[in-house]
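The values are calculated or read from the model by the stated rules, or taken from the named source; none is laboratory data. All figures in this text were calculated on a predicted structure; none of them were measured in a lab. Glycine also receives a Cβ, built like all others from the backbone with ideal geometry; neighbour counts cover every protein chain displayed.
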Amino acid sequence: MNTLNENRSSTPVLGIKDKYLDQLHSDFQLLSEIVLTQMIKAEELVYDNHNKDLVDILKRNEKLINSLDITIKEKVINAIMLFTPRASDLRRLMAYHDMTISMERVGDLIENISLALKEIDFSIQGFEIYKKLLGKMFTQTDKMLRKAVFAFSGVSHEMAYDTILMDDKVDKLERKIERKLAEDFNNQILNTQSLVNMMNLNSISYYLERIGDKAVDIAESAVYLIEGKDIRHDKFVKVHKKDEAGDKFQKIDKEDKT
C-alpha cells in the first residue's frame, strides 16, 4: 500500500519535470531556428546589402534571440533548483545552458556582419569578386551550425564530430580572404570607400570564422550530452568515422590549423 502511494505521489512530479524539460527543448529549438534563419538572411544581404526589409528582419530576430537567451537560462536555473535532476538530466540542462550562450553569441556576430555589410560598396572595381568568397564562407559556417544543432536534436555524436572536423575549412577561407585583400590592393592608392570595404571584409570573414568556432562549441556540448565527456579542453578529439569495416576512430589535433 505504501509503495502504491509513493508511486502516485511521485508520478505528478515526474510529469511536471518531463513537461518542463520538453518546453525547454522547444525553446531551444525555436532559438536555433531563428539563428539559422539569421544566417540565411545575412548571406542574402551579401548580394543585396542595402535591402531595408532584410535589415529589419535581422533586427527583429536579434531581439527574439536575446529574449529567448534570457528565458532559457532562467529555465535551466529553475529546473536545477526545483527538480534536483539526476546525472543525465543535469548534463542535458548544462548542455542547453552552454549551447544557448553559443547561439546568442552567433546572433551577435550575425548582427555585426549585417552592420559591416551595409558599409560596403561592392560596385567599386576589384570588390565584386568578394561576394563569391563571402558566399563560400557563409555556406561552410551555415553547414557547421546546422550540423551542430542537429547533432544535439538528433542525439548524433557523429554529426558533432563532423562539425569539429569542418572548422579547418572555415579557418582557411578566412585566411584566403585576408591574403587576397593584401594581394589585390598592394601598393595601390585607395580612396576612403575602398579602405572601408577592406576593413569590413576583413571583419566579416573574422566574424564568420568565429561563428564556425561557436558551432564547434555547440558540437562539443552535444558530445557532452550524448557521451558524458567534456572534450572542450582536449588537445586531441576522438573523431568517430564509419567505413565498410565498421566503426573506426581517428584522433584529430584541435590545435593544428595548418
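Residue-by-condition table, conditions (1) within 19 Å of LYS41 (Cβ to Cβ); (2) among the polar types (S, T, N, Q); (3) outside any helix (DSSP H, G or I); (4) out of contact with any strand residue (DSSP E or B) (no Cβ under 8 Å at 6 or more places or on another chain):
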position	(1), (2), (3), (4)
ALA95	no, no, no, yes
GLU111	yes, no, no, yes
ALA116	yes, no, no, yes
ILE120	yes, no, yes, yes
GLY126	no, no, yes, yes
GLY135	yes, no, no, yes
ALA160	no, no, no, yes
MET166	no, no, no, yes
VAL170	no, no, no, yes
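Take the range 54-88 and flag every residue that is assigned to a helix (DSSP H, G or I), more than 19 Å from the chain's Cα centre (by Cα) and hydroxyl-bearing (Ser, Thr, Tyr).
SER88, the sole residue that qualifies.
Kindly establish whether SER10 is surrounded by fewer than 12 Cβ atoms within 10 Å (Cβ to Cβ), modelled with pLDDT of 90 or more and at negative phi.
Considered against the rule, which asks whether it is surrounded by fewer than 12 Cβ atoms within 10 Å (Cβ to Cβ), modelled with pLDDT of 90 or more and at negative phi, SER10 comes out as no.
Select from the range 69-104 the residues that are buried (at least 17 other Cβ atoms within 10 Å of the Cβ) and among the charged types (D, E, K, R) and write down the one among them that is farthest from ASP27 (Cα to Cα).
Checking each candidate, the answer is ARG91.
Can you say whether SER153 is of a type outside the set (Phe, Trp, Tyr) and surrounded by fewer than 17 Cβ atoms within 10 Å (Cβ to Cβ), as far as the supplied structure shows?
yes
On the basis of being without any contact (Cβ under 8 Å) to a residue 12 or more places away in the chain and farther than 16 Å from ASP213 by Cα, does GLY135 make the cut?
No, not satisfied.
In contact (Cβ under 8 Å) with a residue 60 or more places away in the chain, touching a helix residue (DSSP H, G or I) at 6+ places or on another chain (Cβ under 8 Å) and either among the acidic types (Asp, Glu) or crowded, with 18+ Cβ neighbours inside 10 Å (or both): which single residue out of ILE124, ILE65, ILE164 fits that description? Let's see the steps before the verdict.
Numbers: ILE124 fails: either among the acidic types (Asp, Glu) or crowded, with 18+ Cβ neighbours inside 10 Å (or both); ILE65 fails: in contact (Cβ under 8 Å) with a residue 60 or more places away in the chain.
Only one candidate qualifies: ILE164.
Between a residue in the range 187-211 that is in contact (Cβ under 8 Å) with a residue 60 or more places away in the chain and farther than 30 Å from ILE164 by Cα and any residue that is buried (at least 16 other Cβ atoms within 10 Å of the Cβ) and hydrophobic (A, V, I, L, M, F, W, C), which pairs come within a Cβ distance under 7 Å, given they are 6 or more apart or on different chains?
ASN197/ILE120; ASN197/PHE127
Could you check, for the range 28-41, whether at least one of its residues is more than 21 Å from TYR96 (Cβ to Cβ), part of a helix (DSSP H, G or I), modelled with pLDDT of 95 or more and not β-branched (Val, Ile, Thr)?
Yes, there is a match, as at least one residue in the range 28-41 is more than 21 Å from TYR96 (Cβ to Cβ), part of a helix (DSSP H, G or I), modelled with pLDDT of 95 or more and not β-branched (Val, Ile, Thr).
Give the residue that is surrounded by the most Cβ atoms within 10 Å (Cβ to Cβ), with candidates limited to residues of the range 42-53 that are touching a residue at least 60 places away in the same chain (Cβ under 8 Å) and outside any loop (DSSP other than H, G, I, E, B).
Restricting attention to the range 42-53, the residues satisfying the condition of being touching a residue at least 60 places away in the same chain (Cβ under 8 Å) are 42-43, 45-47, 49-50.
Within this subset, residues satisfying the condition of being outside any loop (DSSP other than H, G, I, E, B) are 42-43, 45-47.
Values: ALA42: 25, GLU43: 20, LEU45: 22, VAL46: 20, TYR47: 13.
For the range 42-53, the residue satisfying everything is ALA42.
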